[in-house]
Amino acid sequence: MKPLQLLFQSSIGKKMIMGATGAAMFLFVIGHLVGNLQVFLPKEHINAYAHLLHASEGLLWIIRLSLVGIVGLHVWSAVTLNAQNNSARPSTYGAGTGPFGASWASQYMFMTGLVIAAFVVYHLLHYTVQLSAINFAGKDFSTLTVVGGPQNGWKDVHQMLVIGFGSPIVSLFYLVAIGLLCIHLSHGASAMFQSLGIAEGAWRTRLEALAKCVSIGIFLGYASIPIAIFLRIVS
């Protein structure tokens, strides 16, 4: 069997695909967080960051399409592996139960993944497509631009975030979704190391602890943004 065919047809190959795509998305989540945390700086910083990203529209679309492909492969491998596991299992576990010693995060990886996928779609419609019908703010984000100064005419991303997270419904949804994302990451990151053959022996426990610590840090970082805006710490 050809290597590429083996990669896409065998369980081990699918686990490797899920691990590699998970690693890529993990790095993207961290990079995205670093960019978004600039909302705590003077608003010129995050507006300049957004302008830099959109200055090379061609490169930005390459990144977007690459991410779509990575997410697609990750979802495909997760769905097919989940179907294989269910068909190979002689009997189903009771509701809310699983293999002895399995964590809640590991048991509900597939379900939390579906919720995260729905959140990503909403997030893109909310801040990228800027569909005003779903932002619960009664404001068209596409009209928010900086007036005056060296950033005159630039997209006012800072104001867009302030208005967007000013809605309690939106802020609460983001907090719940980010919480599920980080639960997903806490198990997914350690499983990723195993899929790639890195977590062996004593390193397994260390990497699992590291994955949990990083996931908690990611949650605190992302959660701080809607909380600070809703509490008018950032305004």
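Here are the numbers for the structure shown:
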| read-out | value |
| --- | --- |
| Exposure rank, largest accessible area first [ARG206, ARG232; 1.4 Å] | ARG232, ARG206 |
| Accessible-area order (highest first, 1.4 angstrom probe) of the listed residues MET25, MET160 | MET25, MET160 |
| Largest to smallest accessible area among HIS158, HIS54 [probe 1.4 Å] | HIS54, HIS158 |
| For THR145, residues with placed amide H under 5 Å, excluding near neighbours | ASP156 |
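The values are calculated or read from the model by the stated rules, or taken from the named source; none is laboratory data. These numbers were taken from a predicted model, which means no experiment stands behind them. For the accessible areas, the whole protein counts, side chains as well, though only heavy atoms, and no ligand, DNA or RNA atoms are used. Shrake-Rupley method; radii C 1.70, N 1.55, O 1.52, S 1.80 Å.
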